[in-house]
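Colleague: First, the structure itself, so that you have it in front of you.
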Amino acid sequence: MVPTSYFIILSAILFVLGAFAFFVKRDLITQFLCIEVMLSAANLAFIAFAKSASSLDGQIIVIFIITVAAAEAAVGLAIILLVYRQKKTIKSEDMNLMKG
Amino acid sequence: MNSLNAMFPLLTLIVGALLVLILEVSIKRENKTYLAFISIIFLMICGFFCVQSWGKDFSYFNNHLYLDNFALFFSIVLIITTILVTLISMKYLSLQNTNVGEYYALLLLALSGMLIMVSSSDLIVIFLGLEVLSMSSYTLAGLKRDDQKSSEAALKYFLLGSFASAFLVYGLALLYGVSNSTSIAVIIDHFKTESSLSFMAFAGLGLVIVGFGFKIAVVPFHMWTPDVYQGAPTPITAFFSIGPKAVGFAVLVRLLYPFWHVAYDSEVIFSLLWIISALTMIIGNLIALRQTNIKRMLAYSSIAHAGYLMVAILSQDTSSLMFYFVVYLFMNIGAFAAVIALGKKDKEYLELDDYAGIGFKYPWIGATFAVFLFSLAGFPPTGGFLAKFYVFSAAVREGLVSLVIIGVLASLVSVYYYLRIIVYMYMREPTHEVDINLENPALFLVLFLCLYGVLQLGIFPGNILLIIKQAVSSIAFL
Amino acid sequence: MTDIFWIIPLIPGLSSLILVIFGTKLPKKYISIQACAAVFASFVVSVISFIGLKQIPHEAYPLIKNLYPWIQSGDFKAALSFQFDPLTAVMALVVTGVGFIIHVYSIGYMAKDKSYARFFQNMNLFTFSMLILVMGSNLVLMFVGWEGVGLCSYLLIGFWFEKHSAANAGKKAFIVNRIGDAGFILGILFIFIYVGSVEFRAINEAIGGGHITQSIATLIALLLFVGAVGKSAQIPLYVWLPDAMEGPTPVSALIHAATMVTAGVYMVARMNLLYTLSGTAANIVALVGAITAFYAATMALTQNDIKRVLAYSTISQLGYMFIGCGVGAYAAGIFHLYTHAFFKSLLFLSAGSVMHALSGELNMQKMGGLKKYLPRTFPVFLIGAIAISGVPFLSGFFSKDAILTSAFANGNYLVWALGIATVVLTAFYMFRLIFLTFFGQERLDPEVKKHLHESPPVMTIPLQILAFFSIVAGYVGLPLVFGKKLNLFGHFLEPVIKVSHEAHLNLSTECLLILFSVAVALFGIYLAYIFYIKKPQTPHNLVAKFPTLYKLLYNKYYVDEIYNATIVQPMIKGSEFVYDNFDLKVIDGTLNGSAKTTGFFGKFFSYFQTGLIKDYALIFLLGVILLLGYLLF
Amino acid sequence: MAHFLFFLLAIVCIGAVVAMIFSKNQAYNALFIILLFVCLAGLFGLLNAPFIAVIQIIVYAGGIMVLFLFVIMMIDLQEGIPPERKRWTIGLSFLIAGVLIIELLFALKGFLFPAQAATAGSPGSPTDLGRLLFTKYLYPFEITSVLIIVALVGAMILVKKKDSD
């Protein structure tokens, strides 16, 4: 059997990679994808912890998180579309009407 | 049957929201104010149910639903907020080309998310409530669909908000790994003694604080606030400045109140929040000094107020925190209502220059706005003075003298930018014509109510303090 | 009858409220009657309460009236409650009495102003705030009044906000007072920490019971004194007061005489146990007072603006009051506050009358010879000047002398010497003012002269009343020479000012001191006379009036030159130097500097607010890693 | 065997994210993430969570990501957007990522060492999960319905054309 800790390490790596990518990528859609990566990393951690404690609660929580991710995807993509219709761009640098 | 009773407030809101949605599609009417009235009726029914449950301490669904007086107090504060926001939106929507009936439904749904959050002691439920609130907030921020700023505000709020909730979820995962549960009580139990998992627990708690720190906009998680506040429709900005903050703080109280009592090493979290609070007060007020856009300035001011509220969290004095929120509700909504009052068809007056001479041209609006600004600045005899006073005096009792000194100095700085608006209103010649639409009875009602609230709380705070005392004494926090 | 004192502040407050609500709709006549009547009613109640107070035994002091338990949080309580004791009685009488006269005077002075209602509403509010300040039975209520007078001064100084300089002056007053307020709030905070209450009674009990160590007392006393320095315009926070002249003249009179600037002195006297306990703090108070008194007097020498001279003289006189408090003679300090209220309001209102006559002209170089045009203003102005100069048998003499004698008796010789030097300067500049304005050649603009007229009775009668009091007010506190019994004022205040190091000088020393200071004052007047009357341009006038003196002086013409070269010119140069370099550069610079620094940090922090999502995420991530790092390592 | 499978899936997961960082085409990015999700589903399977693995594929890979692809197609940008090129930004982001991963691993070390022996629990059967979902987690489950309403309404008003248009 693979030790649970391996999964936890993998989840930490994926989480940080997601955050890293959010920072270096420059288009809105991919940045949003990075957030999905981070959420998935958290899912992996939940399931690994659930396994190590032999309980099912972690898995239930993952179901909720997937629902949240779906809801976020719907609203988020709608917002990105809205912005794209106005500016004809999804470069994140172009979103700087307000500052200071 | 009883569990259904406890869910009445929530169910009322959802039924109200669905009704508004259905009416919006089935009845085609240009004038959407009837939807506002419907949602106000439902809000009042919801408030009625909250008052009914006062003192009964419902607890159902494995404590997922936990209606103690603390939760009910915040629920009522939030319901009042939503009623006032609905009232100030009515005319605004048709004037500013945002005439969508779903607006009111989304407000109700956002409120239901907040009620879920304040009346639960389980982090996963709180997280789901937070997402309900967030989704509706993102949408509401972007509702001025022709306005690029509004869309940009929605985008920034959404991307950064989801980013923050990813951290929150990871923090929840760590806490779950430690305690194998998401119930606050169980989680806090694991802080009682040091173990090999302590680091994980603290990191998890830290990430959860980051997640809520984003919602309440404390430094350094505040960066989104000014942009979103500026871009969102003004009534929604008023809503953002109170609703999410109130629930964020309510959750922090639920989380930290037991934590301070049992944790073997609460010092580290304490000093961390100390730093955050000091930074928030200083930076919020300093940047606000240079703003010329009123909404942006109020955004920074709301960041600074989050700093004062953090002081209340640190001094573990829940009653001063609650009192502050009641006052903050009236003075901030009042200030935004005054800002909204200065608008006409397709035009809002938001720059400082627009306010020159307003005090004489529109004496009532000018005078009430001035009272709200005095209150925000903390002048007696307004509620703002007492609120700040309670928070700081509680902090002094707990020995947080240096933090209070920072707070007092920071709020002295803040007086400058609040008063600058008053100076513009009363002591500058107008540079250009400002004419506004005055046919807005609902807005003036709100101005009056907020004025009454601010003064009543500043001069005769006795009754509300009594209620707060009841609410606080009933906090068992499981 | 003694328990009605709590309505004293409420009457003007109510009147102000009525004017706020209905002000624009009421006729001018009604407004003025209501505003004046309100303050007068307060005055009457004050008198009744005062008489009542004298009839009850000292053990019953202070009378306290709890109106409303305003703030209750935990063990912290601050009630909306007023107190009445001898100190409060004196302050209430001064505020309402002098305030009433100023209100009446304003009827004439503001008659043509378009914002009549706003003016009286603010004046009433000002009186109300000041009364709250002096009658509050705890520090929090005092702070409410403290902020209230600050706010009203801001509104009234900037009353003619169309004038850019007026708006700026209002702002300056506000900012400077904020710095003082910061100290005051922190002082209240520390009192609450160490005493556990903010009621004056509890504070005094704690000090009497020895619950406060000397070092703590010093800390608190100094913090509170920072507030007093801001409000009472002492070095280094005095800069706002000369600029405050931008407001209407009755406002200046109200600020300088009855309200606002006396708040600091009152506060120090109210907390006298604290300052006495500390010792160090009291010495600092005395020293700051003495330096301010001297410094401000030197500045007054060269000003040509009539109101500015008076403003610097106020700063200087406030310095005297602080000397009194600092050397432990609190009663003398309050006594000076009380006499000063009469002659300073008199001076200001007469200056206003002069201005009124000259269509707003303020420059003394453009006046001269006004004596014959202003037959009613001149004598009262002169009485005011004599009173402030410390000439015997007028009110200023008694109070100033009480302070200087105490300073000498306490061995504060430096303070005493500065005080004496200030006496010369005061007499000099006051009479310079008199001579330049009322005597000598006419230097009026022809246009101004055409409209020259004496003020209406509604303005001059108040002046005559004030002049009367400027003469007699001092007789309630005669020096010890005349026997201890006759110092009614000090005796009356005794229950409040419990520990006072009364001067233990023998009679002959005291007489000598008094004679010396009188001589010094007269010397100052004489000096002014030499320099400003005896000028070649107006020989005939002078010869006709003072033939013998004229001859004497004429023959000593070269002495005049020597005086000029050795005393006056260096003095003028010095004071110009101080004014230009210290006042304008250092102090204004520091104020601007602190504003700039906060501005700089604001700019620095908002530099990160780029509007880019990526940068926001960066700050967020940095926050997260710092937070986690802090928690884990 | 399990070890081999784990490392294979882990490497593909990390590789997919890294590839996404370097690619400049959003469509490819989405495909990489779909790959990641499928691999994660495999890992869930290894962790005795077959039901979640299935949901992961159906909802995440099948539903959410298809939505992404739709939007990407609607946006249809001619040129892709490469990742950040500025040197200091890259350096800073590596630094932050490095510190963050060290901190997370440090926080987790109590859990990782000694390596937790995997317990062979029974796989979470759909029946058990369902029972749990409708008893202990009934309230949050109800809340998800509110969440979905909000998402629906929100997405709808944001993208729908104006009535007047």
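No lab work stands behind these numbers, since they all come straight from the coordinates. What you see is a predicted model; the values in this text were computed from it and never measured. Every residue, glycine as well, gets a Cβ built from its backbone with ideal geometry; the counts of neighbours run over all protein chains shown.
Colleague: Which entries of B:Lys144/C:Lys614; B:Lys295/D:Lys86; C:Lys29/C:Lys371 have Cα-Cα distances beyond 30 Å here? Please report the intermediate quantities before stating the final value.
Modeller: Values: B:Lys144/C:Lys614 24 Å; B:Lys295/D:Lys86 34 Å; C:Lys29/C:Lys371 32 Å.
Violating the 30 Å Cα-Cα cut-off are B:Lys295/D:Lys86; C:Lys29/C:Lys371.
Colleague: What is the magnitude of the charge dipole of chain C about its Cα centre, with +1 placed on the Cβ of each Lys and Arg, -1 on the Cβ of each Asp and Glu, and no other charges, expressed in debye to the nearest 20? Intermediate results must be reported in sequence, preceding the final value.
Modeller: On the way: 41 positive and 29 negative charges, 276 e Å.
Around 1320 debye, computed over chain C.
Colleague: For chain B, what is the calculated [θ] at 222 nm in deg cm²/dmol (nearest 500), taking -39500 (n - 2.57) for each run of four or more DSSP H residues and dividing by its residue count? Write out the running numbers ahead of the final one.
Modeller: Values: 19 runs with 361 residues, N = 478.
Rounded to the nearest 500, the figure is -26000 deg cm²/dmol.
Colleague: While we're here: Quote the charge dipole size of chain D about the Cα centre in Debye, to the nearest 20; the model charges only the Cβ of Lys and Arg (+1) and of Asp and Glu (-1).
Modeller: On the way: 10 positive and 8 negative charges, 48 e Å.
The calculated dipole for chain D is roughly 220 debye.
Colleague: Let me ask something else about it. Using r as the Cβ-Cβ distance of C:Asp305 and A:Lys87, and R0 as 51 Å, what FRET efficiency do you calculate, to the nearest 0.05?
Modeller: Details: r = 60 Å, r/R0 = 1.18.
The pair C:Asp305/A:Lys87 has a calculated efficiency of 0.25.
Colleague: For C:Tyr194 and C:Ile4, what is the calculated FRET efficiency with R₀ set at 41 Å and r taken between the beta-carbons, to the nearest 0.05? List each step's numbers first, then the result.
Modeller: Details: r = 35 Å, r/R0 = 0.86.
Once the sixth-power term is evaluated, E becomes 0.70.
Colleague: Also, I was wondering about something else. Mind sorting C:Ser606, A:Ser40 by how few other Cβ atoms lie within 10 Å of their own Cβ, fewest first? Walk me through the intermediate numbers first.
Modeller: Details: C:Ser606 20, A:Ser40 27.
Ranked by crowding around the Cβ, least crowded first: C:Ser606, A:Ser40.
Colleague: Can I ask one more? Considering only the other residues whose Cβ falls under 11 Å of the Cβ of C:Phe184, what net charge follows from Lys and Arg at +1 and Asp and Glu at -1?
Modeller: Details: positive: C:Arg178, C:Lys231; negative: C:Glu147, C:Asp181.
Around C:Phe184, the charge tally is 0.
Colleague: Scattering from the C-alpha atoms of the stretch A:4-89 alone, worked out with Debye: what is log10 I(q)/I(0) at q = 0.15, 0.20 1/Å?
Modeller: With one equal scatterer per Cα and no solvent, log10 I(q)/I(0) is -0.63, -0.92.
Colleague: Among all stretches of chain B without exposed GluC sites (Glu not before Pro) (DSSP loop, at most 10 other Cβ atoms within 10 Å), which one is longest?
Modeller: Numbers: sites that count: B:Glu30, B:Glu433, B:Glu439.
Result for the longest clean stretch: B:31-432.
Colleague: Between B:Arg29 and C:Val518, how many nm apart are label points set 7 Å from Cα along the C-beta direction?
Modeller: Going from the B:Arg29 label point to the C:Val518 one covers 9.2 nm.
Colleague: Among A:Lys25, D:Lys86, rank each residue by its count of other Cβ atoms within 10 Å, from fewest to most, as a rough exposure measure. Walk me through the numbers on the way to the answer.
Modeller: Working: A:Lys25 26, D:Lys86 9.
The order, fewest Cβ neighbours first, is D:Lys86, A:Lys25.
Colleague: I want to verify the translational diffusion coefficient of the stretch D:125-165 in µm²/s; compute it with Stokes-Einstein, Rh as the Kirkwood radius over Cα pairs, at 37 °C and 0.692 mPa s. Spell out each step's value before the answer.
Modeller: Working: Rh = 12.4 Å.
For these conditions, the coefficient is 264 µm²/s.
Colleague: Nearest 0.05, what FRET efficiency do C:Arg201 and B:Leu438 give at R0 = 51 Å with Cβ-Cβ as r? Before the final figure, lay out each step's value.
Modeller: Working: r = 52 Å, r/R0 = 1.02.
E between C:Arg201 and B:Leu438, to the nearest 0.05, is 0.45.
Colleague: Cut-off under 12 Å on the C-alpha distance; same-chain residues fewer than 8 positions from B:Lys215 excluded. Which aspartates and glutamates are left, in chain and number order?
Modeller: B:Glu131
Colleague: Which whole-percent values make up P(r) of the protein assembly as shown when all C-alpha to C-alpha distances are grouped in 10 Å steps starting at zero?
Modeller: 2, 8, 16, 18, 16, 13, 10, 8, 5, 3, 1, 0, 0
Colleague: Taking each residue in B:175-185, count the Cβ atoms of any other chain within 10 Å of its Cβ, then average. What number comes out? The partial results should precede the final answer.
Modeller: Working: counts 1, 10, 13, 3, 2, 8, 3, 6, 0, 0, 0.
Going residue by residue through B:175-185 and averaging, the value is 4.
Colleague: Which of the aspartates and glutamates could be linked to B:Lys469 by a straight reach, that is with a Cα gap under 12 Å, when you skip same-chain ones fewer than 8 residues away?
Modeller: B:Asp317
Colleague: For the stretch B:295-382, state which trypsin sites (Lys or Arg not before Pro) are in a DSSP loop and have at most 16 other beta carbons lying within 10 Å of their beta carbon.
Modeller: Within the stretch B:295-382, the qualifying trypsin sites (Lys or Arg not before Pro) (loop, at most 16 other Cβ atoms within 10 Å) are B:Lys345.
Colleague: Now a separate question. If we count other beta carbons within 10 Å of each Cβ, what is the order of C:His453, B:His190, fewest first?
Modeller: On the way: C:His453 12, B:His190 20.
Least crowded to most crowded, the residues run C:His453, B:His190.
Colleague: From the phi of every residue in the stretch C:199-209, what ³J(HN,Hα) in whole Hz does the Karplus formula 6.51 cos²θ - 1.76 cosθ + 1.60 yield, where θ is phi - 60° and glycine or proline is x?
Modeller: Whole-Hz 3J(HN,Hα) from phi for the stretch C:199-209: 6, 4, 4, 5, 5, 5, 5, 5, 5, x, x.
Colleague: Tell me the net charge near B:Ser165. Cut-off is 11 Å between Cβ atoms, B:Ser165 excluded, with +1 for each Lys or Arg and -1 for each Asp or Glu. The partial results should precede the final answer.
Modeller: Details: positive: B:Lys215; negative: A:Glu72, B:Glu131.
Surrounding charge for B:Ser165 is -1.
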